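A short write-up of the structure that comes next.
The values are calculated or read from the model by the stated rules, or taken from the named source; none is laboratory data. Source: prediction; values computed, not measured. So basically every Cβ, Gly included, is an ideal-geometry build from the backbone, and we count neighbours across all protein chains shown.
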């Protein structure tokens, strides 16, 4: 586990201690450590002199600010109407069948987490997913199967 207090102080020195610093600090914690612990959110609140409820409310609102441990590969399935109309449900079914988990779950080996999220910015090439920061677009069940098999071999 990382030293929460030291990291939050370092990020507050870097980004400032105003309310506007909250998002960059939270994003950088997630980038470095994969998720936000309760302790980290309390430390951020203390450092920025805002309520812990405000920090948690911000973190829980944005699906990219994970507040629970996620797998090595976080698969974010776009849940917009465009992706739904273009076959998102088939993509989710393929992912759930291959990974043997449901939306919102993480595999027991902590390799994959599967979540639905609001628009990921690829509606023009729907259906789309992100695996960590890598977008995959114009998906079919077959294409998703190949992509996941590649990740399983990493």
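Among the residues making up segment 1-37, those that are surrounded by fewer than 11 Cβ atoms within 10 Å (Cβ to Cβ) and within 15 Å of the chain's Cα centre (by Cα) are 31, 32. The criterion of at least 2 residues that are over 19 Å from residue 149 (Cα atoms) and touching a helix residue (DSSP H, G or I) at 6+ places or on another chain (Cβ under 8 Å) is met by the following helices (runs of 4 or more DSSP H) wholly inside segment 1-118: 4-15, 22-33, 38-48, 52-61, 81-85. The conditions of being assigned by TED's automatic domain parsing to the domain that holds residue 9 and either within 14 Å of the chain's Cα centre (by Cα) or at pLDDT 95 or above (or both) are not met by residue 114. Candidates are the residues of segment 125-148 that are in a helix (DSSP H, G or I) and free of Cβ contacts under 8 Å to residues at least 12 places away in the same chain; the one that is farthest from residue 72 (Cα to Cα) is 142. Within segment 88-112, residues that are under 18 Å from residue 136 (Cβ atoms) reach partners that are at pLDDT below 95 and assigned to a helix (DSSP H, G or I) with beta carbons closer than 9 Å, at six or more positions or on different chains, in the pairs 88/82; 91/83. If the condition is being in contact (Cβ under 8 Å) with a residue 24 or more places away in the chain and closer than 17 Å to residue 62 by Cβ, then segment 12-31 contributes 19, 21, 22, 23, 26, 27, 30. Residues that are free of Cβ contacts under 8 Å to residues at least 24 places away in the same chain, more than 10 Å from the chain's Cα centre (by Cα) and farther than 24 Å from residue 140 by Cβ do occur in segment 61-84, at least one of them.
For residue 101, the stated conditions hold: it is buried (at least 18 other Cβ atoms within 10 Å of the Cβ), at pLDDT 95 or above, more than 19 Å from residue 127 (Cα to Cα) and not assigned by TED's automatic domain parsing to the domain that holds residue 9.
Which is surrounded by 15 or more Cβ atoms within 10 Å (Cβ to Cβ), closer than 29 Å to residue 10 by Cα and modelled with pLDDT under 95, of 59, 126? Of the residues listed, the single one that is surrounded by 15 or more Cβ atoms within 10 Å (Cβ to Cβ), closer than 29 Å to residue 10 by Cα and modelled with pLDDT under 95 is 59.
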